[in-house]
Structures are given as structure tokens and as C-alpha cells.
Amino acid sequence: MLPIQLEADPFEPLSALAEWHQFLAAGLGIRPAAESHFVGRVRPSGANDAPLEALELEHYPGMTEACIASLAAAATGRHGANAVLVRHRIGLVLPGDAIVLVAVTADHRGPAQRCCQELLESLKHEAPFWKREWSLGVGRWITGNTPL
Amino acid sequence: MAVSADPASQVQVRLFAGLREAMGWSEQLVELAPAAGGSNPAGTTPEQLWRQLNLQPAYPPAGVRVAVNQQFAAWDSSLFAGDELAFLPPISGG
């Protein structure tokens, strides 16, 4: 199981977490004492409040994956976390579908929560993804991120 | 724009997302200025290629970042033959 994966098709975050737990226990012998998870989903409306038909996610093949891996390694080391899972959609994503899942295990809640938040924020701002909102048949590229 | 038959003297330039669509192309080979010894002592930079390719908006483009060989780089970094240069519009992941 790859700890960092871009998904071209819809994925179910809870199933991904269950697979990850199995991998951690059977593959790495990790039984986490603390975990922090974040799931981001597509909103039902766009920036102009019009109903959103879909969100399109473009990425830079190769660089995006390497960038997430580097950010994950840095955050894990900085906070003393044990393991990290990142799933991120690419392509067309429908309202309500998961865009991103970030999960972190650590020995205590503080490192798990801090690492999860830092990794999420860093990948939102540093990993080369671009969002385009499709609404009323018109696509509009999003520049920047919603406030924390 | 001159494109050499010798790929050893070229840089691959890539655009993404809104920048790609605004310019109407996604990638092209661009010849570096000739230099002695096969190197690039003149140090062609991403900034120079941004201007040379007439990319918009005019330099410096707000929020646009540069990657060389799939790693973030500075606008004034030196480019070498065979490099892959990407101009990255403002990132919005997660």
C-alpha cells in the first residue's frame, strides 16, 4: 500500500483508513496510540454561490507526487509522527465526494494533530494542484485557497 | 521562435491550468542562447524565457511559480540544455 496516492476515481475515506490500519499493523507492526484525520470534500456551490457541477483537479505528474512525499517526510520528522497517509483526487470530482484524505499516527494526540494540520496546509499551498470549478457549464480556475 | 534540431540545446517549457489555456499551448521546446563549450554561461533564466515567450501577465506575474526539473526554483536560476522548465500558476490543492 502506497502511503501517498493520487486517485483518478472516487475513493471512500473510511475504507482507505481501514486498509491503512491493516497495512500499518501487518506491514509495519504499528498499532497507533493516536491518530488525526482530515477529509476534504467538494462543496455544493462555487465561489459565486452558483450550484457546482464538478470540481476539476489538475496536477503536475511526477512533481506533485514527489512534492507531497517530501512534505509528508518533513512534517513527520518535525513532529515525531509515526506514519502518514495521503489520498488526493485528480480529474473531475463531484460535490460531496472526497478530494483529500490526510491521516497521521503518533504516540500522542498533540503530534498527530499538529502534523496532520501542517501537512494539510502545506500540501494545499505547496503541492502543484489546480482547481477549476464547473458551474452552469462554465469552468473557472481557482487561484488560491479558502482561509484556514 | 527558433527551434533547433538539436535537442541538446533546448529547454522543455511547460504551462499548466489557467496559464496554459490563456496562452493556448501546454509545452514547447525552446532553444537556449548559444554558448561556448556547450554550457550555458550566459545563464538564461526563467524570467528571460517568460519575457521571450511573451507570457502573460507581464513579468513579474503575481502568484506564478517556477519549477526546474520538477523542483521549485527561483526566477533567476540558470537553465541548462535538457532542463524541463514549468511555470506554475497559483496553487490550490487539498
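Read-outs throughout are calculated quantities, based only on the coordinates presented, and are distinct from any laboratory measurement. Computed from a prediction, not measured in an experiment: that's the story for all the values here. Don't worry about glycine lacking a Cβ; one is built from the backbone with ideal geometry, like all the others, and counts go over all protein chains shown.
Scanning the range A:99-148 for residues that are closer than 22 Å to residue A:78 by Cβ, facing another protein chain (nearest Cβ under 10 Å) and polar (S, T, N, Q) yields A:122, A:145. Return yes or no: is residue A:71 crowded, with 16+ Cβ neighbours inside 10 Å, within 13 Å of chain B (Cβ to nearest Cβ), in contact with a Leu (Cβ under 8 Å, 6 or more places away or on another chain) and in a helix (DSSP H, G or I)? For residue A:71, the condition - crowded, with 16+ Cβ neighbours inside 10 Å, within 13 Å of chain B (Cβ to nearest Cβ), in contact with a Leu (Cβ under 8 Å, 6 or more places away or on another chain) and in a helix (DSSP H, G or I) - is met.
Those residues that are crowded, with 17+ Cβ neighbours inside 10 Å and within 14 Å of residue B:16 (Cβ to Cβ), I need them from the range B:62-82; list them, please. Answer for the range B:62-82, where residues must be crowded, with 17+ Cβ neighbours inside 10 Å and within 14 Å of residue B:16 (Cβ to Cβ): B:64, B:65, B:66, B:67, B:70.
Return the residue satisfying two criteria in turn: it lies in the range B:72-94 and is part of a loop (DSSP other than H, G, I, E, B) and within 12 Å of chain A (Cβ to nearest Cβ), and of such residues it is farthest from residue B:34 (Cα to Cα).
The initial filter retains those residues of the range B:72-94 that are part of a loop (DSSP other than H, G, I, E, B), namely B:74-83, B:89-94.
Keeping just the survivors that are within 12 Å of chain A (Cβ to nearest Cβ) gives B:89-94.
On the way: B:89: 29, B:90: 32, B:91: 34, B:92: 37, B:93: 39, B:94: 42 Å.
Only one residue fits best here, namely B:94.
Screening the range A:74-134 for strands (runs of 3 or more DSSP E) wholly inside it with 3 or more residues that are in contact with a helix residue (DSSP H, G or I) (Cβ under 8 Å, 6 or more places away or on another chain) returns the ranges A:83-89, A:98-106.
In this structure, residue A:146 qualifies as more than 30 Å from residue A:31 (Cβ to Cβ) and polar (S, T, N, Q).
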